[in-house]
Every structure is written in C-alpha cells, then in structure tokens.
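Please read the structure below before turning to the comments.
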Amino acid sequence: MKTKPIMISSSIFLGILGILLTFIPDEIVSSLSLTSNPISTLSLQLLGAIYFGFAMLNWMAKGTLVGGIYNKPIAIGNFTHFTIGGLALIKIISEIDAHIEIIIFLTVFYVVFALLFAYVFRTNPT
C-alpha cells in the first residue's frame, strides 16, 4: 500500500487543526460557549503546537517508506494518537448535547485515520 496519500492527508488535517488552535484559540473558546481565560487559551495554543508538530512530522515523512519495519515510530505514533483520540471522541458523543456536529466530524476523521494507520503499521509498504 502506498502511504504517501495517507501521510499527506493526515498532515493537512492535523496542520489545519494546529493552525486554528494556535492562532485563534479565543475565537474557538467563545464559539463553543466556554469561558475564555489565559489558561484555556494557553492550553489550546499548546495543543495546536502539538498538532502542527505532528503535521510537520507526517509531511516530512510522506516520501519515505512507512509500515512494517520502516519508520515504525512514525506509524505507531500516528496509530496511537488517532486510536486514543477516536476512542475518546466516540465515548463523548453520547454525553454531549451542544456542538455535536463538530464532535461527529472529528470522530469520523479520527476513526478513519486510526484504521488507516493500523493497516500501515501491520503491513509492509510496497
């Protein structure tokens, strides 16, 4: 399986989330009807930095072999991130009333990427 499309699409997804969380955290907090304070702003900016760093990692590794024994840390890091994130999002769907469309949108992407990176991790690249 060619991993380049997976790496590019995951880096774009994470990059967009990273840029949004880094540069407009106050707007995100207010659109979610939460109280904005310096700690929530800082937390979202740090989360954005993590997402953007992961996006850069995936972007830089897009041209290399990923899967099996090749670049195993990249494959397992992505698999772990998307699996744990997907499970957390699935768990919260039944407990949340407001902004459910955002949670469902993120859940779909997380579950798809978790399945793709599970496949990448378990198979050898072509």
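The values are calculated or read from the model by the stated rules, or taken from the named source; none is laboratory data. Quick caveat: nothing in here was measured; it's all calculated off a predicted structure. Reconstructed Cβ throughout: ideal geometry from the backbone, glycine too, with neighbour counts over all protein chains shown.
Given the conditions (1) without any contact (Cβ under 8 Å) to a residue 24 or more places away in the chain; (2) part of a helix (DSSP H, G or I); (3) over 14 Å from the mean Cα position of the chain (by Cα), which single one is not true for ILE84?
(3)
From the list LEU42, LEU116, LEU34, LEU46, pick out the single residue that is closer than 26 Å to ILE8 by Cα and free of Cβ contacts under 8 Å to residues at least 24 places away in the same chain.
LEU46
Taking the stretch 29-55 as the region of interest, how many residues are polar (S, T, N, Q) and in a helix (DSSP H, G or I)?
Residues flagged as polar (S, T, N, Q) and in a helix (DSSP H, G or I) within the stretch 29-55 amount to 6.
Could you check how many residues of the stretch 58-88 are polar (S, T, N, Q), buried (at least 17 other Cβ atoms within 10 Å of the Cβ) and at pLDDT 95 or above?
Going through the stretch 58-88 one residue at a time, the tally reaches 3.
Would you be able to tell me the number of residues in the stretch 1-24 that are modelled with pLDDT under 95 and more than 23 Å from THR123 (Cα to Cα)?
Going through the stretch 1-24 one residue at a time, the tally reaches 0.
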